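The next block holds one structure in the form of structure tokens; read it before the comments.
The values are calculated or read from the model by the stated rules, or taken from the named source; none is laboratory data. Just so we're clear, the structure is a prediction, and the values are computed from it rather than from any experiment. In this analysis, Cβ positions are derived from the backbone assuming ideal geometry, glycine residues included, and neighbour counts consider all displayed protein chains. Surface accessibility is based on the protein's heavy atoms, side chains included, excluding ligands, DNA and RNA. Shrake-Rupley method; radii C 1.70, N 1.55, O 1.52, S 1.80 Å.
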Amino acid sequence: MNTIQNEGKRLAGRAAMRYVEPGSVVGVGTGSTVAYFIEALAERRHDIEGAVSSSEQSTRLLREHGIPVLDLNATGELPLYVDGADECDPHKRLIKGGGGALTREKIIAAASRRFVCIIDPAKRVEVLGRFPLPVEVIPMARSHVARAIVARGGQPVWRDGVVTDNGNWILDVHHWSITDPVALETELNQIAGVVCVGLFARRPADVVLIGDREMA
Ligand code: 5RP
């Protein structure tokens, strides 16, 4: 990653702080951009009640920064979820899951009133799909799901050696130009053995911060 891209992540991570409400519980995503957000959040840790975390990685980071990690079952709906993305189209629809945390990320996004996505400019695309689409699968369904994806024109590659926080496996689908992300997300969700699709189109981001600028 180059310095400019890193600076974009840092600026976006810090810019998301303006959406954090005092006394609230904040939903926290996963990844290197989110790590900058956690750093900024730590500076205001006494102003918030705590965080709901989307991965073991973020949980560790939050605790290292002295931020209490709360259970989503105990907090109810959250006012805010902040997370990065691997790609973002002009409609704020996303590909996520490069870090393997897509399922918990999608759950927290669904349980939050506002989803603020933080990215560096390199993540912007006109059409989703240049970044391989992650699909989390139940291990015994890996081949079945892969065949179903091939039948739909995708090229799935098993992320060999990676086990998600939920004990599942990931297929990364290459060479798919995703012209109708809502339809594809809906369709892939129906394949038996699919736990989660890394398309965030049915529930896109509400706000996208590119560096410190908000996308119109
Ligand atoms: C993890 C994700 C991340 O948000 C995505 O991979 C972007 O990561 P980074 O901020 O490191 O570029 O979806 O599952």
Using 0.36 nm per residue, how much length does the chain from R45 to V157 gain when fully extended, once their Cα-Cα distance is taken away? 36.3 nm
Dipole magnitude of the chain about its Cα centre (Cβ charges: Lys, Arg +1; Asp, Glu -1), debye to nearest 20: 220 debye
Counting only DSSP beta bridges fully inside the stretch 40-126, the antiparallel percentage to nearest 5 is 20 percent
Can you pull the percent of the stretch 58-116's accessible area that's carbon plus sulfur, 1.4 Å probe, other chains left in place? 48 percent
Pairs of lysines in the chain (C-alpha under 15 Å apart; 8 or more residues apart or interchain): 5
Whole-number accessible area per residue in Å² for the chain, which is evaluated in the context of all protein chains at 1.4 Å: 45 Å²
Residue order for E21, E64 - accessible surface, 1.4 angstrom probe, largest first: E64, E21
Expressed in nm to one decimal, what extension gain is obtained for the pair N6 and D206 from 0.36 nm per residue of sequence separation less their Cα-Cα distance? 69.7 nm
On the Cα set of the stretch 133-197, report Rg and Dmax in Å, please. 10.9, 31
With only Lys, Arg, Asp and Glu charged, each at its Cβ (+1 for the first two, -1 for the last two), find how big the charge dipole of the stretch 133-197 is about the Cα centre; round to the nearest 20 debye. 220 debye
Taking the convex hull of the alpha carbon atoms in the chain, what volume per residue do you get, in Å³? 116 Å³
Antiparallel bridge percentage (DSSP; both residues within the chain; nearest 5): 50 percent
Just round it to a whole percent: the fraction of Cα-Cα distances in the stretch 104-216 exceeding 16 Å. 62 percent
Charge-dipole axis of the chain as Lys and Arg at +1 and Asp and Glu at -1 on Cβ define it, positive-most pick from P68, V194, M17: V194
Relative contact order of the stretch 133-197, pairs being alpha-carbon contacts under 8 Å that are 6 or more residues apart, as %: 48 percent
Using the alpha carbon gyration tensor of the stretch 1-101, what are the three equivalent-ellipsoid semi-axes (square root of 5 times each eigenvalue), largest first, in whole Å? 21, 15, 13
Share of carbon and sulfur in the accessible heavy-atom surface of the stretch 133-197 [1.4 Å probe, %]: 55 percent
PRE zone check, label point 7 Å out along Cα-to-Cβ of R130, amide N under 14 Å, scope the stretch 1-41, hits none
